[in-house]
Amino acid sequence: MTTVYVFNGPNLNLLGVRKPEVYGTTVLADVEALCATAAAGHGLELDFRQTNHEGTLVDWIQEAGAAVVRGEALGLVLNAAAYTHTSVALHDAIEGAQLPTVEVHISNVHGREEFRHHSYVSPVAAGIVVGFGVDGYALAIDGLVRKLRPVRSA
Ligand code: DQA
């Protein structure tokens, strides 16, 4: 079965507790369940992870890229959280792995502080889903599938 990866960056383990007025009250386990449903709807297996460490995300991106090359995985949905705005390493990892990646943010980062407006991930992303709350994860999985497995009627 083909895998779709969903990686979450720093502080997303605190989803539901941290700033609920911005990120909502849904916890990360519920996001995983939501992603599992979305993945299963496309016949995909979900590999869902969270880390607070930048280098771990780099390792995981390289691992996911290798799985895509082997034909075992479709791509990645990535909420890199604060590393989105700081990490050249994540930019280079995605680019280097040629990993089809959809960037997702729960909140509308463009309506927030200026430092959240720039993303090192966006230039190497296949698409971006921003501001739809945790539903953005399901939208990102759907978008990744539609982009990589286009269904066009004859
Ligand atoms: C976030 C937005 C980031 O700016 C922030 O650092 C996060 C979460 C989001 O999902 O809205 O931790 O990626």
Item to check | Proxy reagent accessibility, fewest Cβ within 10 Å first, across Thr101, Thr3, Thr37, Thr84 | outcome: Thr37, Thr3, Thr84, Thr101
Item to check | Computed magnitude of the charge dipole of the chain (debye, nearest 20; Cβ of K, R +1, Cβ of D, E -1) | outcome: 360 debye
Next on the checklist: Give the separation of the Cα centroids, the stretch 112-142 to the stretch 11-67, in Å.
Outcome noted: 13 Å
Checklist entry - Which ³J(HN,Hα) values in Hz, rounded to whole numbers, follow from the phi angles of the stretch 89-103 under the Karplus curve 6.51 cos²θ - 1.76 cosθ + 1.60, where θ = phi - 60° and Gly and Pro get x? => result 4, 5, 3, 5, 5, 5, 5, x, 7, 6, 8, x, 10, 9, 7
Checklist outcome for this item: Under 5 Å from the placed amide H of Thr2, counting only residues 5+ away or on other chains, we find Glu45
Checklist outcome for this item: Around Thr3 (Cβ within 13 Å, Cβ-to-Cβ, excluding Thr3; K/R +1, D/E -1) the net charge comes to -2
Next on the checklist: Within the stretch 76-98, list the residues whose amide N lies under 11 Å from a label point set 7 Å along Cα→Cβ of His118.
Outcome noted: 85-88
Next on the checklist: How would the stretch 52-148 be classified by its alpha-carbon gyration tensor: rounded, prolate or oblate, with rounded meaning a/c under 1.5 and the a/b versus b/c comparison settling the rest?
Outcome noted: oblate
Checklist entry - What trypsin sites (Lys or Arg not before Pro) does the stretch 80-150 have in DSSP loop regions with at most 13 other beta carbons within 10 Å? => result Arg112
Checklist entry - the chain: longest stretch without exposed GluC sites (Glu not before Pro) (DSSP loop, at most 16 other Cβ within 10 Å), sites themselves excluded? => result 1-71
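FYI, it's all coordinate maths here, none of it is from the lab. Everything numeric here is computed off the predicted structure, so don't read it as measured data. FYI the Cβ positions are ideal-geometry reconstructions off the backbone, even for glycines, and counts take in every protein chain you see.
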